[in-house]
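The values are calculated or read from the model by the stated rules, or taken from the named source; none is laboratory data. Small disclaimer: the values here were computed from a predicted structure and weren't measured. No Cβ is skipped: glycine too gets one built from the backbone with ideal geometry, and neighbour counts run over all protein chains shown.
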Amino acid sequence: MQLFSLFFVLPTVGIELSPLMTGAVGLGVHYATYTSEVYPAGIDGVPAGQWEAAKALSLSRRRTWTRVVLPQAVPRVVPALGNYSFDGVSKRFGATVVLDDLSFDVRAGERVTLIGPSGSGKTTILRMLMTLTAPHHGMIILGGTPLFHEQRGDTLVPAGEQHLRAMRRHTTMVFQQYNLFPNMRVLRNVTEAPVHVLGLSRDEADERARELLDLVGLADKLDAYPSRLSGGRQHAPPAELFDSPRHDRTKAFLRSVIDET
């Protein structure tokens, strides 16, 4: 209705807009309406205690807004690029249905734990997010982009390997069975993908890897092979998706790893 009014009604009073300008103005009006409602709601959602804590610390009003309120309010109302969305996802192995019409959303920065009995599909969900296992039905969206489908003309078709490789760059996973490369030392295990997939320089990848390995207590094992590490140490490198984080060492560092990543 907004676009119709701008393009067809305004010319009757002497105001003519090009199709491009009509679209820009229409989206601007629509977003302004959205903003006037949503952003105040996000600010109202910041706990009152946060305002009081800032006041108790004698923070100026400007710093309270920029350092305390807005960093908490904006993520509540702005759709993040890293959102995951499962829509009617089903997966079976033979006659066994593991996932049946699964739908849920995960916002970027949100920490989620999948809990359930063995065989309930927890690992299958993680493997789907890594594109290691494809669903039989349904759609998985990452940051607004279909994970297992790609656009060709006006049609969504099953994704090719090039699309899947591109999507894998946005997720990482710590496997339940570790799956470290036994022929590579610890540092090389961590830097292999950043160098050859993300295009980081060897020096930059090494520097970042050393920081992360130090964070999880492996700074003295950079040149060790996986076979020389304990099970807990093999499970320690940080990642986004944790499949069965059951080891004591992993649990001890899990929060610091999440905070760092």
Checklist line | All positions within the range 77-96 that are aliphatic (A, V, I, L, M) and at pLDDT 90 or above | finding: VAL89
Item checked: Where a residue in the range 194-211 is touching a residue at least 12 places away in the same chain (Cβ under 8 Å) and within 24 Å of GLN162 (Cα to Cα) and its partner, wherever it lies, is surrounded by 11 or more Cβ atoms within 10 Å (Cβ to Cβ) and of a type in the set (Gly, Ala, Ser), with Cβ under 6 Å and at least six apart -> PRO194/ALA205
Notebook entry, point to check: Here are some conditions: (1) surrounded by 11 or more Cβ atoms within 10 Å (Cβ to Cβ); (2) at pLDDT 75 or above. ASP44 meets all but one. Which one does it not meet?
Noted result: (1)
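Just give me the residues in the range 136-147 being in a loop (DSSP other than H, G, I, E, B) and surrounded by fewer than 20 Cβ atoms within 10 Å (Cβ to Cβ), in sequence order. If you could, list the steps in order and put the result at the bottom.
The first filter runs over the range 136-147 and keeps only residues in a loop (DSSP other than H, G, I, E, B), leaving 136, 143-144, 147.
The answer is HIS136, GLY143, GLY144.
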Item checked: Filter result (touching a Ser or Thr at 6+ places or on another chain (Cβ under 9 Å) and either assigned to a helix (DSSP H, G or I) or modelled with pLDDT of 85 or more (or both)) within the range 115-124 -> LYS122, THR123, THR124
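Report, by residue number, each residue of the range 212-226 that is in contact (Cβ under 8 Å) with a residue 12 or more places away in the chain and surrounded by fewer than 12 Cβ atoms within 10 Å (Cβ to Cβ).
The initial filter retains those residues of the range 212-226 that are in contact (Cβ under 8 Å) with a residue 12 or more places away in the chain, namely 212-213, 215-218, 221-226.
Within the range 212-226, ASP223 is the sole residue that qualifies.
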